[in-house]
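Report on the following structure.
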């Protein structure tokens, strides 16, 4: 009598070398489960009992089986890949955001494709096109200017789901996750004024390329005018990392030299502190410095950096959550996920590099 198909398959699993032509059917037989159950372990693990899933994973590991997830995703007309575009990973604020994005996406069973734009609008367009070619299901983006972005206009026109991280927008159809940049900066500068400072300079990086920097400067203006103080024009430094001692020296040699600096991100603040020390100025003894972001590095410098703290990892995680909601509604042929800016709370850390003026 001819051997049954199950017998033949069992013999093939027993004799096959691990990883050489092993199929999901082989894994199912080795784990003593149905092919459908084995498939669910890799595609929808939440639907399978833990003991059964463990048996399937042990069989897969023993046979060196790697599931073809991409093929399954393409057959379902979904790649289960999310595209992510951040300005840079050189600034720790975006590395912390990436951590939140990665953890949330992995929990939800999504893979990620990361690109960086370098604060360049043309490069934004190129990187978005790259993600679109790879058929990502949706995107988490940080763009230079969300209110006037041609690349976002393109995504809206093509009905590509996306959620903005850090960009604070209130435009119809656009979804974003951030803190209130203007209000939080205003609160931070008011704290400097309460400490006794009146000559407060704003240090910014890519001022024209960052809507966040402009919103934070607007918050500085709000705080100064609320106390009948004259806002100063922002001082734009060319780099987050290179020494800008010449520009800082020019400011500090004026008769009306600032007694405090508000920097629109923490990396700028750390660089300014370094430049002030090179000039023989003590922080905060001679000059106070307030940053913005709350990156972990700021707490490690001496003295610890005073800063407006935003929850960077949570911004990334919440952006993924909002995007997955959009994808779910889209699959149901409607998109009624909450539009507009989803604002997270900020905090102030005022010890360390902020004190009363001398």
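The values are calculated or read from the model by the stated rules, or taken from the named source; none is laboratory data. The model shown is predicted, which means the values in this text are computed figures rather than measured ones. Positions of Cβ are backbone-derived with ideal geometry, glycine not excepted, and every protein chain shown enters the neighbour counts.
Filter the stretch 39-55 down to the residues that are at pLDDT below 90 and surrounded by 13 or more Cβ atoms within 10 Å (Cβ to Cβ) and list them by number.
Of everything in the stretch 39-55, those that are at pLDDT below 90 and surrounded by 13 or more Cβ atoms within 10 Å (Cβ to Cβ) turn out to be 39, 40, 41, 42, 43, 45, 48.
Only one of (1) more than 22 Å from the chain's Cα centre (by Cα); (2) surrounded by 16 or more Cβ atoms within 10 Å (Cβ to Cβ); (3) at pLDDT 95 or above; (4) farther than 18 Å from residue 347 by Cβ is not met by residue 282, so which one is it?
Against the list (1) more than 22 Å from the chain's Cα centre (by Cα); (2) surrounded by 16 or more Cβ atoms within 10 Å (Cβ to Cβ); (3) at pLDDT 95 or above; (4) farther than 18 Å from residue 347 by Cβ, residue 282 comes up short only on (2).
Residue-wise test of (1) within 17 Å of the chain's Cα centre (by Cα); (2) under 30 Å from residue 273 (Cα atoms).
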| site | (1), (2) |
| --- | --- |
| 134 | no, no |
| 142 | yes, yes |
| 146 | yes, no |
| 150 | no, no |
| 229 | no, yes |
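Find the residue count for the stretch 112-136, including only residues that are surrounded by 15 or more Cβ atoms within 10 Å (Cβ to Cβ), closer than 21 Å to residue 328 by Cα and modelled with pLDDT under 95.
Adding up the residues that qualify gives 3.
Residue check, residue 291 against (1) on the phi < 0 side of the Ramachandran plot; (2) surrounded by fewer than 16 Cβ atoms within 10 Å (Cβ to Cβ), all met but one. Which one?
It is condition (2) that residue 291 fails.
I'd like the full set of residues that are more than 26 Å from residue 222 (Cα to Cα) and surrounded by 14 or more Cβ atoms within 10 Å (Cβ to Cβ), limited to the stretch 151-173.
Result: 151, 152, 154, 155, 156, 160, 161, 162, 163.
Determine, yes or no, whether residue 188 is in contact with a strand residue (DSSP E or B) (Cβ under 8 Å, 6 or more places away or on another chain), over 25 Å from residue 122 (Cα atoms) and at pLDDT 95 or above. First the steps, then the outcome.
Numbers: in contact with a strand residue (DSSP E or B) (Cβ under 8 Å, 6 or more places away or on another chain): yes; over 25 Å from residue 122 (Cα atoms): yes; at pLDDT 95 or above: yes.
It is true that residue 188 is in contact with a strand residue (DSSP E or B) (Cβ under 8 Å, 6 or more places away or on another chain), over 25 Å from residue 122 (Cα atoms) and at pLDDT 95 or above.
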